[in-house]
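Written below as structure tokens is the structure these notes are about.
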Amino acid sequence: MSDFKYITKQTPRIEGKALGLGHPLYMADQVRSDAVVVKAVHCPYPFAEVESLDSGIAEKVPGFVRLFTWEDTGIITNFGWNYTPFERHVLNRVGRYEGDVVALVAAETEEAAERARRLLKIKWKIHRPVMDFTQALGSDVVVHGDHLDEMYIQPQLAGHYLPQKNQVHYSCREYGDIEGVLAQCDHVTHVKVYTPQQIHTQLETHRCYTYYDDRGFLTISAPTQAADAMQEDVARSLGIDRRKLRVIKTQVGGGFGGKNIFSPYCWCALVTYLTKRPAVLIFSREEAMATIGTRHEYMLELTVGTDRDGTFRAIDSSGIQNAGAYSEISEDVLETGIKNSYSLFPRVDAMRIRQYSVFTNKLEGCAFRGFGATQNCFLLNVAARHLADELGLDLSEVFLKNIARVGDSHPVMNGWMEDDPAYVESSTLAECIQRSMELIGWEEKRNATPPSGTIVRGVGIGVASHASGVPRVDRGNVNIAMNADGSFCVFSGHADIGTGSNTVMLQIVAEVLEVSPDHIHLFAADTACTPFDPGTYASSNVYRCGGAAKLAAEKMKKLLWKSVRETSGLPENEPLVFRDEVFYRENGERLMDLIEFADKWGFYWGGGDPLVVGASFPDTFAPSPYVASCAEVEVDRETGVYRVLRMSSAIDCGRVLNPGNARIQAMGGITQSIGMTMFEEIKYGKTDYRMLNRDLQSYKIPCQMDMPLLDIEFIESCEPSGPFGAKSLGEIATGSPAPAISDALFNALGIHFDSLPITPEKVLKAIQEKEGGHADS
Amino acid sequence: MKIQVTLNGKKQEWDVTPNEYLADTLRAHGCPSVKISCGDGACGTCTVLLNGKPMVSCEVLSVRADGAEIVTVEGLEEEADKIVDCLTRLGGEGCGWCAPGFVVLAYALKRELHNPTYDEVKAYLNGNLCRCTGYIVRIEAVLEYLQMP
Ligand code: FES
Ligand code: FES
């Protein structure tokens, strides 16, 4: 098909073997035995402050080292990127959600730390919390009311960020005359959806290991998604010179956005900073679930106005996002979520999107695979389904009529580059829709006459879009050096969080250099030696860092060939042949292989400057990947229990650079999204508001038996701006399962399920209501 | 208190506390392959062979392992190699955290089930959670492994 040698070929993970064999690659495998063990002291109520804290007995526990409280931390910070509001300290006297961390205990052993933590006597002053995010705006409970004066609000957020009203952000975009266009539409549909808080549930919980290295650098060795940003945040939070801090990324046991919150790293670094001792903090499963962050909860409404044939004319959306107790990157999730999802339907005359983000006393929302687009895509799909139903159209037709096509442009796509129009440069979404339908057997199944028994089946479809990075903000940076042994080393600041991006980076460099990946090393990421990288988020590793890797490799190739000519005494324009990693003259005369070159170049005679290059790739376009998925469900009408029998997804991620990786990324994303659709949701007690499901027994994630048959196909496009035509794949797959499954349930039962998760209880209730003559749920 | 075990074929004597769990003890005795994700038996990443049977080691008190024969991935040698090869060939790893537990389970499966069907393999692997891969590739990897001599 192609004459590529390394990209597009199934290439096993470079770490794959070592991971499978359990080699000590993760942080927990590398901790020194003299490290003090750190335990966090959590607020046990959704909203409470410490009135008094007595550590007298705790300090008597043998092995107790030190207690750390808010008195040890003065600077206001945010545990995240520096563009987000600073609204907390590393430790806080006030707990604004259950799980919030007020103090830390360090001890010589795990047991001692645990005992000391339990023996702390804390008197809490309990405040009434605000839990319902639809009631939070302007509520008399102000989540940050007690310390508004000390917060730092970045100038660009002023006006939108109003913590005195519990308002984290307000986004209002208006394109065209929405009221006017809506008034002219043949048909107007209105829908309302709800999406819950979902927990990342990486199997490796959050953790950090810190120590002073031999030269006195405070070193953080941890699974992180963003080494450079974390370095900046921790240094700022501790009030130390960033250059005295070093971050080394270890193998990450799952990220999904949740290892972009920097709190554990700040806590652990604080202990080392104040005790000068190595320290280790490993969250238990319960702590990880109740402390770190969640997918943002949303309540969204959409009015869509169309022509009689289902052509969208106007899209008017409003809604609320629950930021939880701290804003972190909620503003970004809100804005980016809008951009990445509404870009799916740009062919309208008018569009208006008004969404609030609000504070509550729930677990804070943070980045989670899909980043606001998953929720908004669900909304858009639900609206399309209602509309198709009302107009008597096939939902797939509605999609095909309205989706973004190559050449389309709309200001909602522009993101941060307000006035610089973005275009769809590549898309196979229409083919993806058709293919996913073929794979599921749409034609015969969608309109099949329903059986009369209790078991019914249905098929449904969903579509989604995302982005590849953040346009005009992010850059990928890669350095490549040639080593003295004739191998190469790639230095990159990106974080492979289990997606396989390390391997793909090497495939790209190998392809350009025409050198086997086995002869290329990779360093990523260590703030002491890898170039700046904004972090692994926004599905950007392959597009952005891969883009930089390609550019750097091209430079290296040029430099290498030039140097080979030079050291062979050949003129600058002498054509060379490079075959199986050996240089020849055009006449077939063998010149040298890479080892011979390195020897000649690097040793005492005749050499030159070391071969080192660097390149930067600006994420100018952040092109959209697309997906269409079909689902087939089987429902038991008597119990409401349903199973997803089969899903077929067709994906446009640009060119597929590593087929095995790509398939796993897609399957993993779909699986996580099946969890969100069917059962994953944080539950809080009705009266005490305590988080009810905070372990893997009570918070269920999809297991092997939950899996439907999955057909994944890639319908490649060639993205002109991407490395070898690649776009991205990290998040796109999460967008379509919820729409597809809820549509399949609609097809099976004739009932719209517009609120997630769609539990059997909800299904049963809706069936009973329908049969009892009530309206659809 | 002292217990004696055979770990990956070698006799060992360990000093353990009464409330120590086997997963922690194994990690402290040179088995980084044993991963702890939940600590309450819900995820299977700490799966080891205890007297030949796959067990979640985070729920077994170390004292109860006195006299037992324990096998972790570190002790599976060529078989582990084969299973991991099947998995990586198919691109079957995400973050890798769950992989060693899966390898132990796949090894046990081959010894326990004869000519299993796709669905039997699926059911056997059910206890071990993975948040990255979507599971299906694991079944495929096991089916390939079963074909190997
Ligand atoms: S850590 Fe043992 S089952 Fe989860
Ligand atoms: S590969 Fe990450 S949990 Fe399985």
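The values are calculated or read from the model by the stated rules, or taken from the named source; none is laboratory data. Keep in mind it's a predicted model, so treat the numbers as computed, not measured. Cβ atoms come from the backbone with ideal geometry, glycine included; neighbour counts cover every protein chain shown.
If the condition is being closer than 28 Å to A:Ile651 by Cα and without any contact (Cβ under 8 Å) to a residue 60 or more places away in the chain, then region A:752-770 contributes only A:Phe753. What do you reckon, is B:Thr45 among the β-branched types (Val, Ile, Thr), in contact with a Lys or Arg (Cβ under 9 Å, 6 or more places away or on another chain) and within 16 Å of ligand 1 (Cβ to nearest atom)? Yes, satisfied.
When residues in region B:75-133 are screened for being within 16 Å of ligand 2 (Cβ to nearest atom) and acidic (Asp, Glu), 1 of them pass. Right, A:Ala103: within 28 Å of the chain's Cα centre (by Cα) and not in a loop (DSSP other than H, G, I, E, B) or not? Answer is no for this residue. List, please: which pairs have Cβ atoms under 8 Å, are six or more places apart or on different chains, and start with a residue in region B:39-51 that is touching a residue at least 40 places away in the same chain (Cβ under 8 Å) and assigned by TED's automatic domain parsing to the domain that holds B:Arg27 and end with one that is within 7 Å of ligand 1 (Cβ to nearest atom) and polar (S, T, N, Q)? Pairs found: B:Cys43/B:Ser37; B:Thr45/B:Ser37; B:Cys46/B:Ser37; B:Cys46/B:Ser57; B:Thr47/B:Ser57; B:Val48/B:Ser57. Which of the residues that make up region B:74-104 are more than 12 Å from B:Tyr145 (Cα to Cα) and either within 16 Å of ligand 1 (Cβ to nearest atom) or in contact with a strand residue (DSSP E or B) (Cβ under 9 Å, 6 or more places away or on another chain) (or both)? Result: B:Glu74, B:Gly75, B:Leu76, B:Cys95, B:Gly96, B:Trp97, B:Cys98, B:Ala99, B:Pro100, B:Gly101, B:Phe102, B:Val104.
Scoring A:Tyr45 on the criteria (1) of a type in the set (Ser, Thr, Tyr); (2) modelled with pLDDT of 95 or more; (3) over 27 Å from the mean Cα position of the chain (by Cα); (4) within 22 Å of A:Ser501 (Cβ to Cβ) leaves a single failure, condition (4). B:Thr25 meets each of the listed conditions (1) within 7 Å of ligand 1 (Cβ to nearest atom); (2) crowded, with 19+ Cβ neighbours inside 10 Å; (3) farther than 17 Å from B:Leu109 by Cβ apart from (1). Residue check: is A:Thr201 within 30 Å of A:Leu393 (Cα to Cα) and outside any helix (DSSP H, G or I)? Against the criterion (within 30 Å of A:Leu393 (Cα to Cα) and outside any helix (DSSP H, G or I)), A:Thr201 does not qualify. Just a yes or no: is a residue in region A:137-145 of a type in the set (Asp, Glu) and over 32 Å from the mean Cα position of the chain (by Cα)? Yes: region A:137-145 contains one or more residues that are of a type in the set (Asp, Glu) and over 32 Å from the mean Cα position of the chain (by Cα). Residues in region B:7-43 that are among the hydroxyl-bearing types (Ser, Thr, Tyr), within 16 Å of the chain's Cα centre (by Cα), outside any helix (DSSP H, G or I) and away from ligand 2 (no atom under 16 Å from the Cβ): B:Tyr21 alone. Between A:Ser742, A:Ser728, the distinction of being farther than 30 Å from A:Glu425 by Cβ and modelled with pLDDT of 95 or more belongs to A:Ser742 only. Taken together, A:Ala323, A:Ala373, A:Ala367, A:Ala422 contain a single residue that is of a type in the set (Gly, Ala, Ser) and over 18 Å from the mean Cα position of the chain (by Cα), which is A:Ala422. Whether a residue is within 14 Å of ligand 1 (Cβ to nearest atom) and within 16 Å of B:Ala108 (Cβ to Cβ) was assessed, and B:Ser62 does not pass this test. Pairing each residue of region A:239-254 that is within 14 Å of chain B (Cβ to nearest Cβ) and touching a residue at least 12 places away in the same chain (Cβ under 8 Å) with any residue that is within 16 Å of ligand 1 (Cβ to nearest atom) and basic (Lys, Arg), provided the two are 6+ apart or on different chains, yields C-beta distances under 7 Å for A:Gly254/B:Arg131. For beta carbons closer than 7 Å, sequence separation of 6+ or different chains, a first residue in region B:57-82 that is closer than 30 Å to A:Pro12 by Cα and hydrophobic (A, V, I, L, M, F, W, C) and a second that is at pLDDT below 95 and away from ligand 1 (no atom under 16 Å from the Cβ), there are no qualifying pairs. Residues in region B:134-149 that are more than 15 Å from ligand 2 (Cβ to nearest atom) and within 18 Å of the chain's Cα centre (by Cα) were compared, and the one that is surrounded by the most Cβ atoms within 10 Å (Cβ to Cβ) is B:Tyr145. The test for being within 14 Å of chain B (Cβ to nearest Cβ), within 16 Å of ligand 1 (Cβ to nearest atom) and among the polar types (S, T, N, Q) holds for A:Gln202. For region A:455-510, the strands (runs of 3 or more DSSP E) that sit wholly inside it and include 3 or more residues that are assigned by TED's automatic domain parsing to the domain that holds A:Lys562 are A:475-482, A:488-492. Condition check: in a loop (DSSP other than H, G, I, E, B), more than 16 Å from ligand 1 (Cβ to nearest atom) and more than 14 Å from every other protein chain (Cβ to nearest Cβ). Does A:Arg173 satisfy that? The answer is no for A:Arg173. Restricting attention to region A:380-402 and to residues that are within 29 Å of A:Glu331 (Cβ to Cβ) and in contact with a Phe, Trp or Tyr (Cβ under 8 Å, 6 or more places away or on another chain), the residue that is surrounded by the fewest Cβ atoms within 10 Å (Cβ to Cβ) turns out to be A:Asn402.
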